[in-house]
Amino acid sequence: MSKKNQLLLILLLLVNGKITAQQGINNIWLMGYQSAAGYPGGQTLIDFYSGTPVLSYDSLEMDFNHTHANISDATGNIIFYTNGYYLADATNDTMQNGSGLSPGAYANAFSDGFGIPQGALIIPKPNSPNLYYLFHNSADGYSQPIPNSISYNFYVTTIDMNGNGGLGAVLSKNVSLLTDSMNPGKIAATKHANGRDWWVMIHRVNTNKFYKFLVTPTVILGPYSQNIGVVRADDAGQAWFSPDGKKYAYYYVNGGLDIFDFDRCAATLSNAVHISLPFENGYNVGMAFSPNSKILYVSNVFHVYQYDLSVTNIAASQLIVATYDSFLSVVPGFPGYPTVFGLASLAPDGKIYLTTGNSTIHMHTVDNPDSIGIGCNVNQHSLQVQSFYFNTLPNHPNYFLGCDTTCTTCLVGTPHLNPPRGGALTALPNPSNGNFTLQFAVQKISGELEIFDVMGNLVMRDYVAPWSQYKRVNIEGLAKGIYLCKLKWGGVEGSVKVIKE
């Protein structure tokens, strides 16, 4: 189905007369390099718009290492992206004035893509539908061929999508918000409690200081700072806010794992928990939160650890939910490469995806990340991508997070999330052979899917992850006929009839 036809169907997703405007904004993942050399070089595009990942091969000018950020329009079409070195528009050409990001020795050495996890992050400017901020940094202290050093500038670049005939143009570039000694990458963001503004956070090297910036409709405020947790040297790893914005975690193998509570109104970190983890002969490590924000996964080369964030003693809840199974990712003409556990990210389909090391064609998935224990199902090397890739994952914050009405010290704005009403639940395709996708407005709590036959008998029940936009359904084993799909999120319900032919 074309994106245009999908758009017409999404127009049915009305919420009190309004469309969920951000649907599709985070659905594209890009990775890969050396397209000129042909397969296994090239780029893989993973599109989650249909509810399950659809993979395609492409030959792009841009190469990707660790750093990657992109953003799409409401119908899932990518509008621009970056590898840290430059910006590309929807035609895959260099965006107008989009070259020369984060200039310096590191950029000169890594023109084929920055090797800095979470070295770039894109946020729509509040109340300005055509303007976007790209936050980025580099390893300005770079002096030898390693991907990590010290960042001396934290930059913002502003993009106007009305520029260059709608392809976008850079209005201002490499504007330094802060000059200091900072850890490169690990740029993380979450919505302010008012549901409109954004908090963006980074870390000062060789200290326990975090810098925080507040992105408002008129100005970027800060930096505000807070000293909490352990002292950290320059490192790589990952930092994420939980989907509900109430937790923040920072992990790198030599510095260990830090978990904090986060106040979305005051941007205060509290209740620091530090967990030491062993060095497992590798530095491409990561972590990710479950969709319900209650479980944290740490990928540490040879093991995946799970932590229950709902208990008092988080460290004591540690479980090993996966151990590397010695699988090698093999492409004809190349030696096999180990598929160890690398960077991690929560995807739009409610699963967590883990990279497997440099120059492989596989990824791992955590299929049921809201489940405690091995029932979370770490499915090793379960996804085969279309080209070699360098531990690349996009840095997507939770664009759908709404206001927090429990925050009494700030102005609560209009929430971006609304409960679905009436015809807000849609099945695509419908009729189908029994394999279809339900589309709905994003909800901040987990839901339950129930399917009934025409006699009112319950024939299927399944879990729906919070913050997801889709639920893939397979009733191919059931008889042909009409079925009622009902989704429940607490006291909120949506339903749609589907036809199996």
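Could you say whether any residue in region 129-144 is in a loop (DSSP other than H, G, I, E, B), under 19 Å from ASP63 (Cβ atoms), in the same structural domain as TYR248 (by TED's automatic domain parsing) and touching a residue at least 60 places away in the same chain (Cβ under 8 Å)?
Within region 129-144 (the criterion being in a loop (DSSP other than H, G, I, E, B), under 19 Å from ASP63 (Cβ atoms), in the same structural domain as TYR248 (by TED's automatic domain parsing) and touching a residue at least 60 places away in the same chain (Cβ under 8 Å)), the answer is no, since none of the residues qualifies.
With assigned by TED's automatic domain parsing to the domain that holds SER176, surrounded by fewer than 22 Cβ atoms within 10 Å (Cβ to Cβ) and under 21 Å from the mean Cα position of the chain (by Cα) as the only criterion, which of ALA37, ALA69, ALA90, ALA109 stands out?
ALA90
Please go through region 366-381 and pick out each residue that is in contact with a Ser or Thr (Cβ under 7 Å, 6 or more places away or on another chain) and assigned to a loop (DSSP other than H, G, I, E, B).
PRO369, ASP370 - these are the residues of region 366-381 that are in contact with a Ser or Thr (Cβ under 7 Å, 6 or more places away or on another chain) and assigned to a loop (DSSP other than H, G, I, E, B).
Is there a residue being touching a helix residue (DSSP H, G or I) at 6+ places or on another chain (Cβ under 8 Å), within 26 Å of MET287 (Cα to Cα) and outside any strand (DSSP E or B) anywhere in region 228-236? Before you say what the answer is, go through the steps one by one.
As a first pass, look at region 228-236 and keep what is touching a helix residue (DSSP H, G or I) at 6+ places or on another chain (Cβ under 8 Å): none.
Looking for residues that are touching a helix residue (DSSP H, G or I) at 6+ places or on another chain (Cβ under 8 Å), within 26 Å of MET287 (Cα to Cα) and outside any strand (DSSP E or B), one finds none in region 228-236, hence no.
Would you check if TYR248 is in a strand (DSSP E or B) and without any contact (Cβ under 8 Å) to a residue 60 or more places away in the chain?
no
Which condition does ILE10 not pass, out of (1) in contact with a Gly (Cβ under 9 Å, 6 or more places away or on another chain); (2) modelled with pLDDT under 90; (3) of a type outside the set (D, E, K, R); (4) closer than 22 Å to HIS362 by Cβ, if it passes all the others?
Tallying (1) in contact with a Gly (Cβ under 9 Å, 6 or more places away or on another chain); (2) modelled with pLDDT under 90; (3) of a type outside the set (D, E, K, R); (4) closer than 22 Å to HIS362 by Cβ, ILE10 fails exactly one: (4).
Name the residues in region 198-219 that are surrounded by fewer than 21 Cβ atoms within 10 Å (Cβ to Cβ) and either farther than 19 Å from ALA236 by Cβ or of a type in the set (Gly, Ala, Ser) (or both), would you?
Selection gives LYS212, LEU214, THR216, PRO217, THR218, VAL219.
With the condition kept exactly as written, say whether any residue in region 117-124 is surrounded by fewer than 23 Cβ atoms within 10 Å (Cβ to Cβ) and either modelled with pLDDT under 95 or over 22 Å from MET287 (Cα atoms) (or both).
yes
Report the residue count in region 184-205 for those that are of a type in the set (S, T, N, Q) and modelled with pLDDT under 95.
The number of residues fulfilling the criteria is 1.
The values are calculated or read from the model by the stated rules, or taken from the named source; none is laboratory data. Computed from a predicted model, the values in this text were never measured in an experiment. All Cβ positions, glycine included, derive from the backbone under ideal geometry; neighbour counts span all protein chains shown.
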